[in-house]
Amino acid sequence: MEMEMESPECPVCLQNYDGDTVIPRVLACGHTACEACLLNLPQRYSHTIRCPECNQLVNYPSQGPTALPKNIDLLRLSLSHSENSHKPDKTHPNYDPCHSQSHHFLPQFWSHEFFSLWKRWVLPNDAVLIEGEGEEAEMIRVGLYENQRVSVLRLVSLHDDDDSSVFRYSYVVKVMNCLSRMREEEREELGLILRAQKKFVCKVFGLWGDLEGGFLSLVCESQNGSLLEKFGDLGEGFCGEDEEGLSKDGISGFAMIGAGICEAVIALHFEGLVIGCLDLSCFSFDAFGRVCVDLSAVLVAGRKLRKHVVEAVSGKLRIDDNEMGVIFSGLLKNEAFLSPQLLLELLQKEGIAVECGSSRCSVDCSSDVWSLACVLMRLLIGKKFTEETLEICTEKGSDYPTLHMGWVEKIRSLLETNLGSEYASLSQILYKCLNFDQGSCPLATDVWRCIRELLIKPKFDITGGFEWEIKENNTYHCLIFGKLCQLPTESAEIQEEDGGADFDQVNKRVDKSFVEGLSEGVIKCKDLQGHLDCITELAVGGGFLFSSSFDKTVQVWSLQDFSHIHTFRGHEHRVTALVYVDEEQLCISGDNSGGIFVWAIRVPFGQDPIKKWYEEKDWRYSGIHALTISGNGYLYTGSGDKSIKAWSLKDGALYCTMNGHKSVVSTLAVCDGVLYSGSWDGTIRLWSLNDHSALAVLGEDMPGNVTSVLSLTADGDMLIASFENGCIKVWRNDLLMKSVKLHQGAIFTTGMEGKWLFTGGWDKILKVQELLNDEFQIDITPTGSIPCGSVITALLCWQGKLIVGYADRSIKVYFYGK
């Protein structure tokens with residue numbers, strides 16, 4: 001028996017084509033859909049739609065689907081079956097030719113595994129009722145969830161729908177889309193917090209999309225008041241005012257609460273979480289009076305601490321002992337207890353050099369012991385713990401090593417005075433917790449055991465056995481270093497694609513640039529991952545992108561699809577500068593120990609440099625800071641020894657040394673026979689490339705405090721310099737034409753493409769400015785900006801694309817993505 005062929009139908013609404021109400025229209029990819037459905041498909045970009053069959057992005061005429069050709073063959077086939085076809089009742093109230101029973105036209109934002117993993121943590125849209133603002137309104141609010149009082153902590157901004165589209169995503173899709181756009185490390189950190197469901201941890205209910213406020217938020221149980229509310233105003237602590245020391249009631253009360261604090265911290269260690277910074281607000285009491293750690297309060301405390309540190313540093317690249325002492329004193333004054341080791345680590349992660357120490361510390365369960373001891377002593381001694389120890393700042397000055405030593409000795413005195421000889425063991429273990437060497441500090445379990453002995457003798461105590469579990473779990477995540485302890489920001493409308501961007505198509509389109517895409521809201525971004533530390537420089541040449549990093553390597557990327565090609569290894573110190581020599585097909589890199597390495601750019605790439613040499617060794621100076629070439633056969637280096645050196649590209653011989661700067665030469669630029677050098681001394685010097693003689697000095701007569709020159713861009717008769725204080729200065733024919741503050745903090749890097757100026761630095765914002773230049777004046781007009789997740793350390797403009805390097809070791813390529 002011959003089977004009857006089915007009548008062709010629209011893949012979206014599943015209605016049979018009839019040439020009247022369900023008209024088949026052919027897309028550029030060759031697939032067909034009905035006119036009514038095409039009219040209502042979502043448009044992410046103007047003049048394009050996603051094919052409902054193959055999900056390919058295809059051109060869409062501005063006149064609408066009527067301008068697309070009809071599929072005549074399908075119409076003929078449909079008409080031949082018209083007598084046997086069941087035509088829909090168009091008068092039926094449920095009939096809707098645009099109703100889709102297929103979801104293939106939706107972009108595939110995430111995998112099924114991703115959806116299954118995160119869906120269970122998404123709270124319903126109407127589940128949370130906001131009642132009021134918390135103390136930090138930009139971070140946290142209070143509300144109700146299932147008739148329970150909760151805290152609602154903002155994490156990241158949600159993206160709104162495109163108002164020009166009739167299609168609106170559901171609440172769950174918006175939340176899942178927001179989660180999918182987060183970085184992998186952010187999601188891992190969030191997952192650890194959501195899974196930390198121990199009996200000593202305030203319950204985390206899940207994630208809630210606040211559509212009205214525009215943020216994805218973390219919803220946590222809010223208990224019956226924090227320790228700060230209960231005991232923050234307790235002036236004498238549990239020691240009281242009894243000159244004879246602790247009473248039995250006082251020691252029992254402290255031991256009950258102190259043991260609970262230790263148990264709560266240890267419970268998080270079981271989950272692989274290290275808090276890093278503790279204060280009294282991080283703990284609260286449950287309905288049975290047991291101490292619990294409040295993770296939302298922990299994140300708020302971490303954000304406040306990081307904000308304080310950033311404001312104290314004020315965008316500086318380096319701080320001395322005195323400034324370190326001011327930061328430490330400020331944290332103590334705010335009762336934000338962060339150990340000296342973690343404070344140094346936090347500053348280094350923010351890209352700040354510290355004179356008093358640069359050793360990296362490992363993160364493990366002992367990282368919380370210092371701050372745990374401070375919370376316990378604040379509870380035990382009361383306000384005297386901070387008030388009396390802060391007197392050390394005025395008595396001994398703000399020099400950090402002196403301050404810290406004096407502060408620790410003052411703590412010893414306070415413990416001995418308040419605890420006496422009867423509780424010497426408690427006094428000794430709390431004092432040992434303040435040891436600068438993290439490895440020699442007691443464990444949190446040791447502190448817990450010592451406090452429990454105040455309540456019950458060891459021979460009657462049947463608890464124990466968890467110390468082995470903690471030691472076995474050797475992977476920890478420190479919250480104070482994580483992304484969730486950064487203030488949430490409004491993110492730019494940028495589509496991040498880890499590997500699926502069509503760069504061949506973009507390369508063919510030369511009439512559209514990054515700036516035009518920014519103005520139209522159609523910027524795409526490709527993330528290049530490969531380095532292990534801060535990006536220091538970018539260069540382009542020979543069909544490749546080159547990047548250098550503090551990880552002591554130079555990476556090579558294809559300019560066709562930005563895939564990784566090769567890694568040059570050989571430097572024994574941080575690579576700080578990079579340049580490409582087009583004529584010789586060479587890439588040259590310099591490091592902070594004075595090493596200069598020359599790499600041949602030929603396929604296949606070699607493993608070793610073809611040449612290398614070193615500046616004269618001098619432990620007082622910090623090696624190479626800048627490199628440039630001029631086409632005259634010389635390589636120029638800006639160095640920590642305050643000089644500019646000219647080296648022969650043929651044999652690496654030193655040709656001459658140019659002196660004049662009073663500090664590090666941080667940046668170099670070449671244009672029209674002139675070498676420009678910028679320095680930390682705040683000046684820019686001009687040198688002749690013919691005989692290397694000095695031509696002029698810019699900025700020497702500038703009023704006000706000296707601020708370091710960090711980058712230079714030379715374009716014809718115009719010179720643009722960026723400074724550590726966030727200012728940009730523009731000279732034309734050596735005459736200062738414009739000075740304007742663009743950033744909050746240091747501007748580490750600048751770039752020019754035509755009339756567009758790109759800047760980025762300490763405040764983690766990539767800014768685009770238009771330079772309007774006439775014979776009388778120069779104006780700088782802000783055009784747009786992109787908030788970024790890390791400090792911007794390098795940028796490069798190339799064929800309408802913007803390539804940006806970050807302190808968090810990533811490289812992003814921004815391009816027009818319409």
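The values are calculated or read from the model by the stated rules, or taken from the named source; none is laboratory data. These numbers come from a predicted model, not from an experiment. Backbone-built Cβ (ideal geometry, glycine too); neighbour counts: all protein chains shown. Only protein heavy atoms, including side chains, enter the accessible area calculation; ligands, DNA and RNA are left aside. Shrake-Rupley method; radii C 1.70, N 1.55, O 1.52, S 1.80 Å.
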Please enumerate the residues belonging to the stretch 605-617 that are part of a strand (DSSP E or B) and not basic (Lys, Arg).
613, 614
Mind listing whichever residues of the stretch 560-573 are part of a loop (DSSP other than H, G, I, E, B) and buried (at least 19 other Cβ atoms within 10 Å of the Cβ)?
562, 571
Take the stretch 798-818 and flag every residue that is crowded, with 19+ Cβ neighbours inside 10 Å and closer than 16 Å to residue 750 by Cα.
800, 801, 802, 803, 804, 805, 806, 807, 811, 812, 813, 814
Within the stretch 252-279, count every residue that is open to solvent by 10 Å² or more (accessible area, probe 1.4 Å) and farther than 25 Å from residue 438 by Cβ.
4
When you look at residue 765, is it open to solvent by 30 Å² or more (accessible area, probe 1.4 Å), closer than 20 Å to residue 183 by Cβ and under 17 Å from the mean Cα position of the chain (by Cα), yes or no?
yes
Please go through the stretch 105-163 and give me each residue that is modelled with pLDDT of 85 or more, in a loop (DSSP other than H, G, I, E, B), farther than 30 Å from residue 50 by Cβ and open to solvent by 40 Å² or more (accessible area, probe 1.4 Å), ordered by number.
126
Are there any pairs, at least 6 apart or on different chains, whose C-beta atoms fall under 7 Å, with the first in the stretch 561-590 and free of Cβ contacts under 8 Å to residues at least 24 places away in the same chain and the second crowded, with 19+ Cβ neighbours inside 10 Å and among the acidic types (Asp, Glu), and if so, which?
none
Any idea which residue in the stretch 724-754 is most open to solvent (accessible area, probe 1.4 Å), counting only those that are assigned to a strand (DSSP E or B) and out of contact with any strand residue (DSSP E or B) (no Cβ under 6 Å at 6 or more places or on another chain)?
735
So which residues in the stretch 293-352 are among the β-branched types (Val, Ile, Thr), assigned to a helix (DSSP H, G or I) and touching a residue at least 40 places away in the same chain (Cβ under 8 Å)?
298, 300, 309, 310, 326
Please find, among 602, 685, the residue that is open to solvent by 20 Å² or more (accessible area, probe 1.4 Å), basic (Lys, Arg) and in a loop (DSSP other than H, G, I, E, B).
602
Restricting the stretch 768-814 to residues that are among the basic types (Lys, Arg) and at pLDDT 90 or above, the residue that is farthest from the chain's Cα centre (by Cα)
812
Taking residue 645 as meeting all but one of (1) within 39 Å of the chain's Cα centre (by Cα); (2) at positive phi, write down the number of the exception.
(2)
Filtered residues of the stretch 301-327 (kept if of a type outside the set (A, V, I, L, M), touching a Ser or Thr at 6+ places or on another chain (Cβ under 7 Å) and crowded, with 17+ Cβ neighbours inside 10 Å)
325
State all residues of the stretch 605-619 that are without any contact (Cβ under 8 Å) to a residue 12 or more places away in the chain and either at positive phi or open to solvent by 50 Å² or more (accessible area, probe 1.4 Å) (or both); if no residue qualifies, say none.
619
Selected residue (only one of 547, 593 is in contact with a Gly (Cβ under 8 Å, 6 or more places away or on another chain) and either charged (D, E, K, R) or in a loop (DSSP other than H, G, I, E, B) (or both)):
593
When you go through 601, 588, 596, 535 one by one, which is the residue that is touching a strand residue (DSSP E or B) at 6+ places or on another chain (Cβ under 7 Å) and farther than 24 Å from residue 812 by Cα?
596
Only one of (1) surrounded by fewer than 22 Cβ atoms within 10 Å (Cβ to Cβ); (2) small (Gly, Ala, Ser); (3) more than 30 Å from residue 543 (Cβ to Cβ); (4) touching a strand residue (DSSP E or B) at 6+ places or on another chain (Cβ under 7 Å) does not apply to residue 652, and that is (3)
